[in-house]
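In what follows, a structure is listed as structure tokens, so that the remarks can point back to it.
The values are calculated or read from the model by the stated rules, or taken from the named source; none is laboratory data. Just so it is clear, the structure is predicted and the values come from calculations on it, not from any experiment. Cβ placement follows ideal geometry from the backbone for every residue including glycine, while neighbour counts extend to all protein chains displayed.
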Amino acid sequence: MSSLVKDLQQRGLIANLTSDQTSILFEEKSRIFYAGFDPSSSSLHIGNLVPLALMRRLQQGGHYPIALIGGATGMIGDPSGKSDERPLLSTEALRINSESITNQICHLLDSTSNNPVDIVNNQEWFTPLTYLTFLRDIGKHLTVNYMMAKDSVRTRLENRSQGISYTEFSYMMLQAFDFVTLAQQKNCQVQIGGTDQWGNITAGIELQRKIGGTLDLYGITCPLLTHASGEKMGKTTAGNHIWLYNQRTSVYRFYQYWLTINDDDLLRFLLLFSSRSITEIQQIIEDHQQHPEQHQGQKKLAKTMTEWVHGTTATEQVIKASRIMFGAPIEDLSDNDLMPLLEDIPSSTRSYDALKQGLNLLEILVETQLVASKSAGRRLITSGGIYINNQRSIDPDTIITTEALATETMIILRSGKKNYHILAFNQ
């Protein structure tokens, strides 16, 4: 086994190989490999980060990644791992989604090195292909019996009330043709996908064999992103996906998601995603276990993930903002440092002139709904439960002026431990 593949397996990035020969491939010389991405949404989500992490590692090892955008196959939808038929998207929606996902992949993988990621869209070969030509030249090579034996198809067939449409049944053949086409056009030998893609990957290998392709094809599956309990990850407790696009999941919320990872999952996720050596990661875990209440391991994981997805500058800002939410002193901050919070914390805007004249704290607390009434606010202030810029306010008659600004234009109010409101002032 090659040292690279052994390292990937030790990190948990590889679930299965279609052949023992697969590991030797990456030791002999630089190889071309690909993974497919479904443009069913305008953004990838954190579940996509596992195959992307595997692609990144192989790319760093000198191999050549291809990211296949399923502009054509996305018009049908992959039934793998799905209990229901997927809703069909319009051509325009798929085009927009494909462009957005392409931009994300170019950021997540190296697009400037000597082996940059190559982005392709399977519309290139499916659009000019007629239905009859596909059936005559490709469809005859994979039997219905072979396809029905695959889990992605058999599971749906066993659900007699739902079943599987001919449209989704044909998906396996389309993905198999993707693999064969990339082998012919790009000399691509290896396909990467989640464990739910095993049937589609092996169908491509089988199709290549049936048509007499000269290049031997191989497959690697990586694990699906799950908690230690086996529960699939990727959503918040409210059921919202954790997207990679910051307009759908804010940088702050993304950072907080990883910051709250359970200790049982910490080692596995650091191995999956961190660029540190395995020895370094094990040391991080040992240090973390000495003082788990400090969450040092989670902080390193959250920083690693946010830097990869959103960049260094955004990560530095969100770390500063996150400390504020834990009651840290607010010092030497700018408006930019607080921007990550505005998407997740209630805020309101007022005129700077009003601030210069002075704002009554009790009135502001009521207006921002941090308290139910002035009398409730007065009681909370006197009991020490109201904070201005994370400093306790003890005077119910406080007048807020420009001296209270935490940044150029913002003041942070807090009621109790977790109820925040940001006041912004137009100058």
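Observations on the model:
- Those residues of the stretch 360-385 which are over 42 Å from the mean Cα position of the chain (by Cα) and touching a residue at least 24 places away in the same chain (Cβ under 8 Å), in sequence order: N360
- Qualifying residue in the stretch 44-56 (condition: in contact (Cβ under 8 Å) with a residue 40 or more places away in the chain, more than 20 Å from F269 (Cα to Cα) and surrounded by fewer than 22 Cβ atoms within 10 Å (Cβ to Cβ)): no
- Residue tally, condition over 21 Å from G77 (Cα atoms) and touching a residue at least 40 places away in the same chain (Cβ under 8 Å), over the stretch 131-159: 1
- If only residues of the stretch 358-373 that are in contact with a Gly (Cβ under 6 Å, 6 or more places away or on another chain) and not in a loop (DSSP other than H, G, I, E, B) are counted, the one that is nearest to I345 (Cα to Cα) is L365.
- Counting only residues that are among the polar types (S, T, N, Q), under 21 Å from A72 (Cα atoms) and without any contact (Cβ under 8 Å) to a residue 12 or more places away in the chain, the stretch 99-130 holds 2 of them.
- Any hit, the stretch 61-75, residues being free of Cβ contacts under 8 Å to residues at least 24 places away in the same chain, in contact with a helix residue (DSSP H, G or I) (Cβ under 8 Å, 6 or more places away or on another chain), surrounded by fewer than 20 Cβ atoms within 10 Å (Cβ to Cβ) and not charged (D, E, K, R): yes
- Of all residues in the stretch 303-340, those that are over 30 Å from R56 (Cβ atoms) and crowded, with 19+ Cβ neighbours inside 10 Å total 4.
- The C-beta contact set for the stretch 182-200 (first residue in contact (Cβ under 8 Å) with a residue 12 or more places away in the chain, second residue of a type in the set (D, E) and surrounded by fewer than 20 Cβ atoms within 10 Å (Cβ to Cβ), distance under 6 angstrom, 6+ apart or interchain) comprises G199/D151.
- Any hit, the stretch 342-359, residues being crowded, with 19+ Cβ neighbours inside 10 Å and over 30 Å from the mean Cα position of the chain (by Cα): yes
- Residue match in the stretch 261-270 (condition: of a type in the set (D, E, K, R), surrounded by fewer than 21 Cβ atoms within 10 Å (Cβ to Cβ), touching a residue at least 24 places away in the same chain (Cβ under 8 Å) and within 22 Å of R57 (Cα to Cα)): yes
- Of the residues N122, N97, N114, the single one that is over 19 Å from the mean Cα position of the chain (by Cα) and surrounded by 15 or more Cβ atoms within 10 Å (Cβ to Cβ) is N122.
- Per the conditions (1) within 40 Å of the chain's Cα centre (by Cα); (2) over 27 Å from I319 (Cα atoms); (3) among the polar types (S, T, N, Q), the sole criterion not satisfied by N390 is (2).
- Selected residue (only one of T409, T402 is buried (at least 17 other Cβ atoms within 10 Å of the Cβ) and closer than 21 Å to I324 by Cα): T409
- Leading residue by the ranking (nearest to the chain's Cα centre (by Cα)) among those in the stretch 138-152 that are of a type outside the set (S, T, Y) and modelled with pLDDT under 80: D151
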